[in-house]
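*Asks:* Below you'll find the structure I mean.
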Amino acid sequence: MLALQSECSRLTPSREASELANHPLWDGCRQSTIELMLQRSVRQKFSSRAIIALEGTPADFLHVVIGGSIELFSRYRNQETEFAVIEPPHAFVVAAVITNRFHLTSARVLEPAEILMIPADCVREAFDHDELFSRKMAIELAHSYRVVTSELRRQTLLSAVERLANWMLDRDQETGGRHHFAIPFDKRTLAARLGMVPEVLSRGLATLGKYDVHVRRAAVEIRDPAALDRLAKPEPPFYDPKE
């Protein structure tokens, strides 16, 4: 079921609509383009784990992330893998909307999210008639390409334990570099995010113990950051920190 435990509201000419009119997505676009999209858009809140889009179904909306985070994933038989995590102010399923095709991946809420849902036909109309909006869409497509390519490089060129070590270092930096943090979701989700099955993740966590990384349920403590850094082999970089 889509949009599990969600709250939906259509935008009105209010302060809310005025704030969204300043969103980077349409910075510099024609005022008529912005007004058309705001008039026809829906702002919706989703709880964690809610499924927003399913692969193989038509792309009826362009989704713009206002708050929270979304993971793009795919499932085949008993396996699941993640392709990217989308955070504000970016949009997702841009390619499917612009080309009027179906979703190639599914989308699920990682952290409680707020999404601006813009009808696909409205987006295509603006794409055809507003050059600056078309440029914005091209930039979003370029961003998506780079994010997915970075993830693909990690999953194909790094071993499972190296991917896990890289994720630990990234998460540590995101939470202030204090060398202790909590895994923000269940370990099955983390395994999918790193392109591995839960059993491989469990072995990877056990291996990190040799590098003085201690994991107790969701709590992680990195007691020897230098050792973990050597294991992660962060050079050459497998992602652009600006993404």
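*Asks:* Restricting the search to region 125-142, which residues are among the acidic types (Asp, Glu), part of a helix (DSSP H, G or I) and surrounded by 15 or more Cβ atoms within 10 Å (Cβ to Cβ)?
*Replies:* Listed by number, the residues that qualify are Glu125, Glu140.
*Asks:* Another question about this same structure. Can you tell me how many residues within region 54-70 are of a type in the set (A, V, I, L, M), under 12 Å from Ile115 (Cα atoms) and crowded, with 18+ Cβ neighbours inside 10 Å?
*Replies:* Residues that pass the stated criteria total 4.
*Asks:* Picking from Gly28, Gly67, which residue would you name as being of a type outside the set (A, V, I, L, M) and at pLDDT 90 or above?
*Replies:* Result of the check over Gly28, Gly67: Gly67.
*Asks:* In the set Arg193, Arg163, Arg171, which member is of a type outside the set (A, V, I, L, M, F, W, C), within 25 Å of Ser106 (Cβ to Cβ), touching an Asp or Glu at 6+ places or on another chain (Cβ under 6 Å) and surrounded by 14 or more Cβ atoms within 10 Å (Cβ to Cβ)?
*Replies:* Result: Arg193 is the single residue among Arg193, Arg163, Arg171 that is of a type outside the set (A, V, I, L, M, F, W, C), within 25 Å of Ser106 (Cβ to Cβ), touching an Asp or Glu at 6+ places or on another chain (Cβ under 6 Å) and surrounded by 14 or more Cβ atoms within 10 Å (Cβ to Cβ).
*Asks:* While we're looking at this one, here's another question. Against the definition (surrounded by fewer than 19 Cβ atoms within 10 Å (Cβ to Cβ) and within 20 Å of Leu54 (Cβ to Cβ)), how does Tyr145 come out, yes or no? Working first, answer last.
*Replies:* Details: surrounded by fewer than 19 Cβ atoms within 10 Å (Cβ to Cβ): yes; within 20 Å of Leu54 (Cβ to Cβ): no.
In short, no.
*Asks:* Still on this model: Are any residues in region 109-124 surrounded by fewer than 18 Cβ atoms within 10 Å (Cβ to Cβ) and part of a strand (DSSP E or B), and if so, which ones? Spell out how you get there, then give the answer.
*Replies:* Our first condition is that a residue be surrounded by fewer than 18 Cβ atoms within 10 Å (Cβ to Cβ); within region 109-124, this holds for 111-112, 114, 119, 121, 124.
Correct list: Glu111, Pro112, Glu114, Pro119.
*Asks:* Arg188 passes all but one of (1) of a type outside the set (Ser, Thr, Tyr); (2) part of a loop (DSSP other than H, G, I, E, B); (3) closer than 16 Å to Glu71 by Cα; which number fails?
*Replies:* The single condition Arg188 does not satisfy is (2).
The values are calculated or read from the model by the stated rules, or taken from the named source; none is laboratory data. Keep in mind that what you see is a predicted model, and the values were worked out from it rather than measured. All Cβ positions, even for glycine, are placed from backbone atoms using ideal geometry, and neighbour counts span all protein chains on display.
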